[in-house]
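Colleague: Below you will find the structure I want to go over with you.
No lab work stands behind these numbers, since they all come straight from the coordinates. No experiment lies behind these values; they were computed from the predicted model shown. A quick note on method: Cβ atoms are made from the backbone with ideal geometry, for glycine too, and the neighbour counts reach across all protein chains shown.
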Amino acid sequence: MLKEFSYLAPKNKTQLLKLLAEHTGKPGVGKTAKILAGGTDILVNIRNGFDKTDLLIDIKKIGEYSKLDFNKTKGLLIGANVTYIQLINNKNVKKHYPVLIETAGKVGSPQLRNRGTIIGNICTASPAADMSRSLLCLGAEVNIVSIKGSRSMKLKDFFKGVKKTALKAGEIVESITIPIDMADAKYGDEKLKRIKGHDLAQAAVSIVKKDKVLRVAISSCAIVPVLLKDFKSNVSSATVCKEALKSISPIDDIRASKDYRIHMVKTYIKRIMDKI
Amino acid sequence: MKINVKVNGKKYERDVRENMTLLRFIREEIGLTGTKEGCGVGECGACTVILNGKTVNSCIVLAVEADGAVIETIEGEAKNGKMSKLQNSFHEHHAVQCGFCTPGMVLSAKTLLKENPKPSEHEIKEALEGNFCRCTGYQQIIEAIQDASGQMKK
């Protein structure tokens, strides 16, 4: 049985932002509100007693948040309601940003991919978030809005710690923009897990390469997903590995040891770079 | 909150609490107990139903979120007391042991075959990724789906 909470489903952005401003969770200022999109994280957390939210604001009725638009100059816009399966089935994404499909396909199971959203994955801000790797490599920008206005930031600056983001009270990530410069890049993604489906990654690496740039992102190896500095495309895998080890800080835990994670990060970097 | 849903072709209007899951709604408000609760946190797939054409774990969907939705459960599979081709195939191949995972397995398989009528063994396994069988009966389930899709040599 889930704890009691209220539920509201605003029909447009104006209603939503008003609600978010009214319910910041600060003492005496409305209820503690959280956004409900796919629900695949938040409803699990509520069920397990980890989340004390007393108001869920469902955004699925806000039509403009379902946008998944590709533009040859602006790149890709992913709205807050876009699910993994919508991304996977999108022709433009398949053609221009296949690394997104590769990582989206590694999330959970069909049931979770049918329901969960890309932006939900980012806002949960797990160090193991599958979408973080591909989005970081592609230089994704996070578009944040509140009743006071809007702001954008690089995804790498959005992650602040384990399940912590740069979002402030009253704000929501309404979309992610992926610039055109990394469209049609060569790519590779490797994720270490015990079983396919239903397992958090123990270590994972995405790499994209286009023209003169090679970009590497690593998840499950630090308190946040890590984006390395840009490399030249003819860089050696040894140099990338060296840089990676400086930037990650994996831990020993029930899923894998620190040494094993480091070993696999190096293995994956070499494996992907050999391929692309 | 008042919600309207269509379950297996029949319309229902109910007043539900915000914290009621779709799973509990189906079992307790509608009285269809073929949908099971296993883990309750979206991992095992025993509570799988088809929501607007897509499989979901009904334990992590709220009943209020399903307002206006079209839902299919295992009870919608048999027509006029006759099992569907897929159900028959599960029966013939002994793809059922304790039966707890079976409703979810059948609905995942049904969705797969609708989108991909001749799936490979690998595609079948991927489609069942979100449905756990703890009697270790996966092989028979895979064979049942291969047979139902006309891909089994006899």
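Colleague: Let me confirm one metric for peptide B:50-60, namely the mean number of other chain beta-carbon atoms within 10 Å of its residues' beta-carbons. Please list the in-between numbers first.
Modeller: Details: counts 1, 3, 1, 1, 7, 7, 8, 10, 1, 4, 14.
So the per-residue partner count for this stretch is 5.
Colleague: Another question, then. Which ³J(HN,Hα) values in Hz, rounded to whole numbers, follow from the phi angles of region A:151-159 under the Karplus curve 6.51 cos²θ - 1.76 cosθ + 1.60, where θ = phi - 60° and Gly and Pro get x?
Modeller: In residue order, the calculated couplings are 8, 10, 8, 5, 4, 5, 8, 7, 7 Hz.
Colleague: Where in region A:50-77 is the amide nitrogen less than 19 Å from a point lying 7 Å along the Cα-to-Cβ axis of B:Glu115?
Modeller: A:68
Colleague: How would you classify the protein assembly as shown from its alpha-carbon gyration tensor, with a ≥ b ≥ c the square roots of the eigenvalues: rounded for a/c under 1.5, else prolate if a/b is greater than b/c, otherwise oblate?
Modeller: Numbers: a/c = 1.87, a/b = 1.23, b/c = 1.53.
It is oblate, given that a/c is not under 1.5 and a/b is not larger than b/c.
Colleague: Which one of A:Ile62, A:Ile122, A:Leu76 is farthest out on the positive end of the charge dipole of region A:61-209, using unit charges on Cβ (Lys, Arg +1; Asp, Glu -1) and the Cα centre as origin?
Modeller: Highest projection toward the positive end goes to A:Ile122.
Colleague: Something else now. In sequence order, what are the phi-derived ³J(HN,Hα) couplings for region A:127-141 according to the Karplus relation 6.51 cos²θ - 1.76 cosθ + 1.60 with θ = phi - 60°, rounded to whole Hz, with x for glycine and proline?
Modeller: Result, ordered by residue: x, 9, 3, 5, 5, 4, 4, 5, 5, 4, 4, 8, x, 4, 10 Hz.
Colleague: Something else now. Averaging over every viewing direction, what projected area does the convex hull of the Cα atoms of region A:185-275 cover, in nm²?
Modeller: The orientation-averaged projected area of the Cα hull of region A:185-275 comes to 5.7 nm².
Colleague: Given H placed 1.01 Å from N in the peptide plane, which residues other than close sequence neighbours of A:Ser6 have an amide H under 5 Å from its amide H?
Modeller: Under 5 Å from the amide H of A:Ser6 lie the amide H atoms of A:Leu55, A:Leu56, each far enough along the sequence or on another chain.
Colleague: Then there's this: Just how large is the dipole of the protein assembly as shown about the Cα centre, in debye to the nearest 20, putting +1 at every Lys and Arg Cβ and -1 at every Asp and Glu Cβ?
Modeller: Dipole magnitude for the protein assembly as shown comes out near 1000 debye.
Colleague: Follow-up question, since we're still on this one. On each of the three principal axes of the Cα atoms of region A:65-181, give max minus min coordinate, whole Å, ordered largest first.
Modeller: Largest to smallest, the principal-axis extents are 35, 32, 23 Å.
Colleague: I need the fraction of alpha carbon pairs in region B:60-100 separated by more than 15 Å, rounded to a whole percent. Let's see the in-between values first.
Modeller: Working: 480 of 820 pairs.
Beyond 15 Å sits 59 percent of the P(r) for region B:60-100.
Colleague: Next question. Whole-Hz ³J(HN,Hα) for each residue in region A:261-276, computed from phi via Karplus 6.51 cos²θ - 1.76 cosθ + 1.60 with θ = phi - 60°, x for glycine and proline: what do you get?
Modeller: 4, 4, 4, 6, 4, 5, 4, 5, 4, 4, 4, 5, 5, 5, 7, 9
Colleague: Give the shape of region A:34-115 as rounded, prolate or oblate, defined through the alpha-carbon gyration tensor: a ≥ b ≥ c are the square roots of its eigenvalues, a/c under 1.5 means rounded, and otherwise the shape is prolate if a/b is larger than b/c and oblate if not. Please report the intermediate quantities before stating the final value.
Modeller: On the way: a/c = 3.09, a/b = 1.69, b/c = 1.83.
Because a/c hits 1.5 or more and a/b fails to exceed b/c, region A:34-115 counts as oblate.
Colleague: May I ask which residue of A:Leu8, A:Ser146, A:Ala201 lies farthest towards the positive end of the charge dipole of chain A, with charges of +1 (Lys, Arg) and -1 (Asp, Glu) on Cβ and the Cα centre as origin?
Modeller: After comparing all options, I get A:Ala201.
Colleague: Please give the per residue volume of the convex hull enclosing the alpha carbon atoms of chain B, rounded to a whole number of Å³. Mind dumping the intermediate values first?
Modeller: Numbers: hull volume 15.9 nm³, N = 154.
About 103 Å³ per residue, rounded to a whole number.
Colleague: List A:Ile122, B:Ile60 from most exposed to least, where exposure is judged by having the fewest other Cβ atoms within 10 Å. Write down the numbers at each step before the final one.
Modeller: Details: A:Ile122 24, B:Ile60 29.
Going from least to most buried by this count: A:Ile122, B:Ile60.
Colleague: Let me ask another. Note down the relative contact order for chain A as a percent, whole number, built from C-alpha pairs under 8 angstrom at least six residues apart.
Modeller: The value is 16 percent.
Colleague: Oh, and also: Averaged across the residues of A:156-162, what count of C-beta atoms belonging to other chains lies within 10 Å of each residue's C-beta? Don't skip to the answer; put the middle values down first.
Modeller: Values: counts 0, 0, 0, 0, 0, 0, 0.
Counting other chains' Cβ atoms within 10 Å and averaging over A:156-162 gives 0.
Colleague: Between their Cα atoms, which of A:Lys18/A:Lys164; A:Lys148/A:Lys209; A:Lys13/B:Lys54; A:Lys3/A:Lys191; A:Lys3/A:Lys94; A:Lys52/B:Lys11 are more than 32 Å away from each other? Let's see the in-between values first.
Modeller: On the way: A:Lys18/A:Lys164 24 Å; A:Lys148/A:Lys209 38 Å; A:Lys13/B:Lys54 26 Å; A:Lys3/A:Lys191 35 Å; A:Lys3/A:Lys94 40 Å; A:Lys52/B:Lys11 34 Å.
Beyond 32 Å between Cα atoms: A:Lys148/A:Lys209; A:Lys3/A:Lys191; A:Lys3/A:Lys94; A:Lys52/B:Lys11.
Colleague: Only four residue types carry charge here, +1 at the Cβ of Lys and Arg and -1 at the Cβ of Asp and Glu. Report the dipole size of region A:5-58 about the Cα centre in Debye, rounded to the nearest 20.
Modeller: 140 debye
Colleague: Let me know the mean shielding of B:129-135 by other chains, meaning the per-residue number of their Cβ atoms within 10 Å of its Cβ.
Modeller: Counting Cβ atoms of other protein chains within 10 Å of each residue's Cβ and averaging gives 4.
Colleague: For the residues A:Cys123, A:Cys137, what sequence is obtained by ranking on other C-beta atoms within 10 Å, fewest first?
Modeller: Fewest-to-most ranking of A:Cys123, A:Cys137: A:Cys123, A:Cys137.
Colleague: Between region A:153-193 and region B:1-49, what is the C-alpha centre distance in whole Å?
Modeller: Each part reduced to its Cα centre gives a spacing of 34 Å.
Colleague: I've got another one for you. So which of A:Lys91/A:Lys160; A:Lys74/A:Lys106; A:Lys60/B:Lys114; A:Lys72/A:Lys275 end up more than 31 Å apart by C-alpha? List each step's numbers first, then the result.
Modeller: Working: A:Lys91/A:Lys160 33 Å; A:Lys74/A:Lys106 27 Å; A:Lys60/B:Lys114 26 Å; A:Lys72/A:Lys275 27 Å.
Beyond 31 Å between Cα atoms: A:Lys91/A:Lys160.
Colleague: Let me ask you something else. From the Cα gyration tensor of region B:2-75, with a ≥ b ≥ c the square roots of its eigenvalues, which class applies: rounded if a/c is under 1.5, or else prolate if a/b is larger than b/c, or else oblate?
Modeller: Working: a/c = 1.55, a/b = 1.28, b/c = 1.21.
It comes out prolate by the Cα gyration axes.
Colleague: Where does chain B land at 222 nm, in deg cm²/dmol rounded to the nearest 500, when only DSSP H runs of n ≥ 4 count, each adding -39500 (n - 2.57), divided by all residues?
Modeller: Per the formula, -7500 deg cm²/dmol.
Colleague: Ok, one more. Given the DSSP H assignment, sum -39500 (n - 2.57) over each helix run of at least 4 residues in chain A and divide by its residue total; what's the result at 222 nm in deg cm²/dmol, nearest 500?
Modeller: -8500 deg cm²/dmol
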